[in-house]
Number of protein chains: 2
Amino acid sequence: MNGEDRDAVISAVLAGSRLLVAIAARSLGAVADRVTLPQFRMLVVLSGHGETKLVTMAELLDVNSSTAMRMADRLAAAGLVLREVNPLNRRESLMRLTDEGRRIVDQVTARRRDEIAAIVSRMSPVERRALISAMTAFNEAGGESAEAGTHPLGWPDA
Amino acid sequence: MNGEDRDAVISAVLAGSRLLVAIAARSLGAVADRVTLPQFRMLVVLSGHGETKLVTMAELLDVNSSTAMRMADRLAAAGLVLREVNPLNRRESLMRLTDEGRRIVDQVTARRRDEIAAIVSRMSPVERRALISAMTAFNEAGGESAEAGTHPLGWPDA
DNA sequence: CCACATTCTTGCAGTATGCAACATTAGTGA
DNA sequence: TCACTAATGTTGCATACTGCAAGAATGTGG
């Protein structure tokens, strides 16, 4: 591809990246006094993953198991997750969201979707359809290398 | 806008957001043993801002001044930034990148641009041009609300 | 000179993070 | 059944990030 195209597309994508990260940060503001960002990542994983054992959680978040351990302790103390020994394998301790924990995830997710919706609502229908296909193509092109990456999940929804 | 469009565009944008965040995280991997992510954010600000005093830095990073203070201490100890009293106002202590600090910023930035370039190179020229205009429109639509946000800078380039 | 604002700095407390060592539990082969 | 190994969770230790609050140093305006 020629250099002009290359620079233009990279600039546009980088700018979009900044905007999206800012949106993600803002969407967390409402619950910032209840959970930290790493804690919220853990809640998100539980939300989409159901009951999860500690080692799996650590892998999904890409953190050391001791880190996941203590985060889980704090979230349990805050009443946002429950921890219980797996009766089928007493080495494992499974954790899952409480109703309160799920409420927090839903609240943040709704806010972020609203923010994105507010932005795209200011675009024309033509631009909007173009954005859908362009982002879809971008995601597909990036999906191949992303699967080979070191961050399979966890980061995405923070 | 109708619900179908709305869901499709939000899904596409959210997926793109995950991909971009994963790219940003990977691009930091090469220097993860030298600087942490918050430290890298500080280096980026210095890279684009030149000499900066502590309070300004804290505002740009959206952290408490005591946090910025200690981060600056550690980066200075690591030889990545220099701190010196402003001779024109001895209350202020200005900090700036060392050559080594700038090298790290350049290294990460180059890697991220390469990753994005690799993705868009897998798209057809038509898709690429569509991505430029779609992302540009998205950024413009989001720019208005972004300026009213609480994270003017700092986050974007992390 | 005095009162005030700005700026940096430090003490304190809580959270996040990784490494290494350890105990418990499960599985496996002799 | 018994020893060996693997998987899993847990804890100790050290470091970094974070904010609040108090204090010291410096500049500004009267």
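The table below lists the values:
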| item | result |
| --- | --- |
| Unique match (being within 16 Å of DNA strand D (Cβ to nearest atom), aliphatic (A, V, I, L, M) and closer than 29 Å to B:E127 by Cβ) among A:A24, A:A15 | A:A24 |
| Scan of region B:57-67 for residues that are within 13 Å of DNA strand C (Cβ to nearest atom) and either in contact with a strand residue (DSSP E or B) (Cβ under 8 Å, 6 or more places away or on another chain) or within 24 Å of B:R112 (Cβ to Cβ) (or both), ordered by number | B:M57, B:L60, B:L61, B:V63 |
| Residue match in region B:28-46 (condition: modelled with pLDDT of 95 or more, away from chain A (no Cβ under 14 Å) and away from DNA strand D (no atom under 16 Å from the Cβ)) | no |
| Region A:68-90: number of residues that are of a type in the set (V, I, T) and surrounded by 13 or more Cβ atoms within 10 Å (Cβ to Cβ) | 1 |
| Single unsatisfied condition, B:I10 versus (1) out of contact with any Pro (no Cβ under 9 Å at 6 or more places or on another chain); (2) closer than 23 Å to A:A24 by Cα; (3) within 14 Å of DNA strand C (Cβ to nearest atom) | (3) |
| Any hit, region A:9-28, residues being under 21 Å from A:R102 (Cα atoms), among the β-branched types (V, I, T) and in contact with a helix residue (DSSP H, G or I) (Cβ under 6 Å, 6 or more places away or on another chain) | yes |
| Pairs with Cβ under 8 Å, 6+ apart, first in region B:60-77 and within 6 Å of DNA strand D (Cβ to nearest atom), second polar (S, T, N, Q) and assigned to a helix (DSSP H, G or I) | B:M71/B:Q39; B:R74/B:Q39 |
| Checklist (1) away from DNA strand C (no atom under 16 Å from the Cβ); (2) in contact with an Asp or Glu (Cβ under 9 Å, 6 or more places away or on another chain) applied to A:L54, failing item | (1) |
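The values are calculated or read from the model by the stated rules, or taken from the named source; none is laboratory data. Computed from a prediction, not measured in an experiment: that's the story for all the values here. Cβ coordinates were reconstructed from backbone atoms using ideal geometry, including for glycine residues, and neighbour counts include every protein chain displayed.
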